[in-house]
Amino acid sequence: MESVEAFYNQLSNRYTELISRCVPRYDEIFYNLFHYIPNDLQPQQILDLGCGTGNLTAVALQHYPGASIHALDLSADILQECRQRFAQHKNVFYHQQDFSELNFAPETFDLVISSIAIHHIPDEAKTGLYAQVHRLLKPGGIFVWADQTRGVTDEIYQKHIARWKEEAFKLGSTEADWQLWMEHQEAHDYHTPVGWHLMQLEAVGFAEVDVIWKNIMWAVVWSRK
Ligand SMILES: C[S@@+](CC[C@H](N)C(=O)[O-])C[C@H]1O[C@@H](n2cnc3c(N)ncnc32)[C@H](O)[C@@H]1O
């Protein structure tokens, strides 16, 4: 089976156009992810988990142009696309790391963000990641992510997939695009119900946890240390 790293390495130069016609309300997801960051948080240190080509990193730069933004991804090739995209920005730093590494000192970050990336790791690893993020955040820091989730029943989940296909085709996806995502999903996606995520985030110590936006299987989950 092709690894996640190999999949994104070979997709790196056409990733952004593919994702734009595959994820419904992609811009709205990003809008909401930043909208709910509290006004009292002026982040100086931001970590973007699974940055890909830097679509979320770009929005973080618009909101917080003076912050140091750490873009982290497993795939060397996609990280290279990200590096080229922000070549003019001296405050973007690049880390080729797996989510299981997160090689940073405790309480380094004010804000940890992530979009459409955490579902690539199994549930046990997600819990480990949440504990690590909690450790890396300063007190009062925010962890906000957007991702695909699973329905609580198989029927809901299957209906989510059907609705996703409907919306992706409205955005211009082709059968070939759809097949690519379905093969990728089959090989290395781990969708988990949103309620499970909330429980895990509370269990690792986050004081306040909420779902601030949801559409079909995409959710934006917010937590404060
Ligand atoms: C669907 S892309 C999302 C990219 C970007 N955040 C966006 O919204 O366009 C998922 C990214 O997560 C990265 N990724 C997947 N598993 C990872 C892991 N275990 N550690 C670090 N990065 C990972 C992939 O290499 C890929 O670039």
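Please work out the C-alpha center-to-center distance from the stretch 125-151 to the stretch 36-51 and express it in whole Å. With the stretch 125-151 and the stretch 36-51 each reduced to a Cα centre, they are spaced 12 Å.
Scaling against 2.2 N^0.38 Å puts the C-alpha radius of gyration of the chain at 0.96.
Spatial offset of the stretch 57-102 relative to the stretch 196-225 amounts to 24 Å, using the alpha carbon center of each.
Pairs of alpha-carbon atoms within less than 8 angstrom and 6+ residues apart define the contacts here; what relative contact order does the chain have, in percent?
Numbers: 378 pairs, mean separation 52.2, N = 225.
Computed value for the chain: 23 percent relative contact order.
Excluding residues on the same chain fewer than 8 positions from Lys165, give the lysines whose Cα lies under 20 Å from its Cα. Counting by Cα, and skipping residues close in sequence, Lys165 has these lysines nearby: Lys214.
In this structure His89 has an accessible area near 80 Å², from a 1.4 Å probe over the protein heavy atoms. The string of couplings for the stretch 59-76 from the Karplus curve (6.51, -1.76, 1.60, θ = phi - 60°) is 6, 4, 5, 5, 6, 10, x, x, 7, 8, 10, 9, 9, 10, 7, 6, 8, 5 Hz, one whole number per residue in order, with x for Gly and Pro. Quick one: Debye curve from the alpha-carbon atoms of the stretch 160-225 only, equal weights, vacuum; give me log10 I(q)/I(0) at q = 0.12, 0.17, 0.22 Å⁻¹ to two decimals. So the normalised log intensities work out to -0.44, -0.74, -0.94.
Students often check this: by mean Cβ neighbours within 10 Å, which of 190-196, 71-77, 131-137 ranks highest, and how do the rest follow?
On the way: 190-196: 15.9, 71-77: 22.3, 131-137: 19.7.
Highest-to-lowest ranking by the protection proxy: 71-77, 131-137, 190-196.
Per-residue Karplus couplings for the stretch 145-154, computed as 6.51 cos²θ - 1.76 cosθ + 1.60 with θ equal to phi - 60°, are listed in order as 9, 10, 6, 7, 10, 10, x, 6, 10, 5 Hz, Gly and Pro entered as x.
Pick from Leu33, Leu41, Leu61: which residue has the top mean-square fluctuation in a GNM of the chain where Cα pairs under 10 Å get a spring? Residue with maximal mean-square fluctuation among Leu33, Leu41, Leu61: Leu41. Take the Cβ atoms of Glu101 and Ser3, set R0 to 25 Å, and the FRET efficiency comes out at 0.95. Cross-link partners of Lys138 among aspartates and glutamates, defined as those whose alpha carbon lies under 20 angstrom from its own and excluding same-chain residues fewer than eight positions apart: Asp40, Asp48, Glu101, Glu107, Asp110, Glu202, Glu208, Asp210. For the stretch 92-212, the Cα gyration tensor yields ellipsoid semi-axes of 29, 17, 13 Å (square root of five times each eigenvalue, largest first, whole Å).
Normalised by the number of residues in the stretch 134-225, the average gap of Cα pairs under 8 Å and 6 or more apart makes the relative contact order 49 percent.
The values are calculated or read from the model by the stated rules, or taken from the named source; none is laboratory data. None of the values given here were measured: they were computed from a predicted structure. Every residue, glycine as well, gets a Cβ built from its backbone with ideal geometry; the counts of neighbours run over all protein chains shown. To get the accessible areas, we keep the full protein, side chains included, count just its heavy atoms, and leave off ligands, DNA and RNA. Shrake-Rupley method; radii C 1.70, N 1.55, O 1.52, S 1.80 Å.
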